[in-house]
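Step one of this worksheet: look at the structure below.
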Amino acid sequence: MKAGLVGFGQSGKTTFFNSLTGQSAQTGGGRGDKANLGVIKVPDTRIDRLSGIFKPKRTVYAEVLFVDVPGSRGKGGGFDSATVTALREADALVLVLRGFAGFDGLPPDPVRELADFESELILNDLVMVERRLERLKKEAGHDREKVVLDKLNAALQAEIPLRRVDLAPEEEREVTSFAFLSRRPLLVVLNAAESEVAAGVPAELEAAAADRQLGVMIACASIEAEVASLVPEEQREFLADLGVAEPAAARLIQRAYALLDYISFFTVGEDEVRAWPVRRGSKAPRAAGRVHSDIERGFIRAEVMRYDEFVQVGSEARMKDLGKLRIEGKEYVVQDGDIVHFRFNV
């Protein structure tokens, strides 16, 4: 899973990236088109509890790869090529908006920045759709693709991002290869001054995000960087003084995970307890493929236990005795928190 951290100049995006990852990536100008990468574990108290029961040799959390995307030119300049490339490679976008006075003294205008960013995504997609439709006029045998592109073109002309356009599965397949930017799930983060964090997201930005059906949260990147350097006990005290329940890193990672519509299932044992990310709605063989492609190819069945039932009982043997270990086949849809052991033959 790859989430692109994006934003206009002076938004504090890279400072926020550093606070999330513990890195010290260069901030400000002079960075060029370099994309910074950082892998962050998805906090999950369930895997902590399972590790306490099994005491494995290692515990592996689900992870999200955050990409600090090179800043766009902004202010009518559009995205440069490096930015567009990085955006297309991301599964979801996290937009950092400036919520503090700029270096030039200008007050923040996050609502305008959000509108400008959405417009850039829409414009890039519109250019791509129009070019493809022009080519299709000279080609035959692409009727279904043209119907879908006409539908998307109408939405983009109306300044509607493609994530808000409902597509049937067969329509989705026709345009998957285009990697449309405005179809990417988008989460908004207001990088505010320390004194503003406890007050929450301003009503105007909350309304603008809600109108676009987007999630929004507030954080102070510079303070988060300080928090990240503290031990857990000191973190809690520091955040309590700010009126914040948990670090922005934990909140952002969990929101990004949900934004991508992922769930976690677990494999357990004395060697390893591990959380595996999988798209919500995935069937057992697809989930097995997350563990190893051979398991998906030779899938026979899945032995499944519910997490909440297992932690109450405390052992697999007892779960079997109580009839709470289920045998599921190829059509089983894996649920969040399932503890799974796959049987396969290749």
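Against the list (1) modelled with pLDDT of 85 or more; (2) farther than 22 Å from residue 100 by Cβ, the condition residue 13 fails is (2).
Is it true that residue 146 is farther than 23 Å from residue 89 by Cβ, assigned to a helix (DSSP H, G or I) and basic (Lys, Arg)? Yes: the conditions hold for residue 146. Residues of the range 321-346 that are surrounded by 13 or more Cβ atoms within 10 Å (Cβ to Cβ) and not in a strand (DSSP E or B): 324, 325, 330, 332, 334, 335, 337. Evaluate the following for residue 326: is it in contact with a helix residue (DSSP H, G or I) (Cβ under 9 Å, 6 or more places away or on another chain), of a type in the set (D, E, K, R), free of Cβ contacts under 8 Å to residues at least 60 places away in the same chain and farther than 21 Å from residue 49 by Cα? It is false that residue 326 is in contact with a helix residue (DSSP H, G or I) (Cβ under 9 Å, 6 or more places away or on another chain), of a type in the set (D, E, K, R), free of Cβ contacts under 8 Å to residues at least 60 places away in the same chain and farther than 21 Å from residue 49 by Cα. Return yes when residue 234 is assigned by TED's automatic domain parsing to the domain that holds residue 44, farther than 16 Å from residue 43 by Cβ and either surrounded by fewer than 17 Cβ atoms within 10 Å (Cβ to Cβ) or touching a helix residue (DSSP H, G or I) at 6+ places or on another chain (Cβ under 8 Å) (or both) and no when it is not. Here the answer is yes, as residue 234 does meet what is asked. Note on the range 192-243: residues that are in contact (Cβ under 8 Å) with a residue 24 or more places away in the chain and basic (Lys, Arg) amount to 1.
Within the range 166-285, considering only helices (runs of 4 or more DSSP H) that don't extend past its boundaries, which have at least 1 residues that are of a type in the set (Phe, Trp, Tyr)?
Of the helices (runs of 4 or more DSSP H) lying wholly inside the range 166-285, those with at least 1 residues that are of a type in the set (Phe, Trp, Tyr) span 232-242, 248-259.
One line per residue, one yes/no per condition, for (1) within 26 Å of residue 255 (Cβ to Cβ); (2) crowded, with 16+ Cβ neighbours inside 10 Å; (3) not assigned by TED's automatic domain parsing to the domain that holds residue 86:
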residue	(1), (2), (3)
129	no, yes, no
139	no, no, no
166	yes, no, no
173	no, no, no
185	yes, yes, no
194	yes, no, no
197	yes, yes, no
203	yes, no, no
218	yes, yes, no
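Considering the range 151-164, and only residues there that are in a helix (DSSP H, G or I) and surrounded by fewer than 13 Cβ atoms within 10 Å (Cβ to Cβ), the residue that is modelled with the lowest pLDDT turns out to be 164. Return a yes/no flag: does the range 251-264 have any residue that is within 24 Å of residue 320 (Cβ to Cβ) and buried (at least 17 other Cβ atoms within 10 Å of the Cβ). Yes - at least one qualifying residue is present in the range 251-264. Can you tell me which residue within the range 81-103, out of those that are surrounded by 14 or more Cβ atoms within 10 Å (Cβ to Cβ) and over 20 Å from residue 216 (Cβ atoms), is modelled with the lowest pLDDT? Top of the filtered list is 82.
Remark: residue 88 falls outside the filter, which requires a residue to be under 29 Å from residue 257 (Cα atoms), in a strand (DSSP E or B), among the basic types (Lys, Arg) and in the same structural domain as residue 26 (by TED's automatic domain parsing).
Residue 65 meets each of the listed conditions (1) surrounded by fewer than 16 Cβ atoms within 10 Å (Cβ to Cβ); (2) under 15 Å from the mean Cα position of the chain (by Cα); (3) of a type outside the set (Asp, Glu); (4) over 23 Å from residue 220 (Cα atoms) apart from (4).
Just checking, does the range 25-40 include any residue being of a type in the set (Ser, Thr, Tyr) and at pLDDT 90 or above? No, the range 25-40 contains no residue that is of a type in the set (Ser, Thr, Tyr) and at pLDDT 90 or above.
The values are calculated or read from the model by the stated rules, or taken from the named source; none is laboratory data. From a predicted model like this one, the values you see are computed outputs, not experimental measurements. Every residue, glycine as well, gets a Cβ built from its backbone with ideal geometry; the counts of neighbours run over all protein chains shown.
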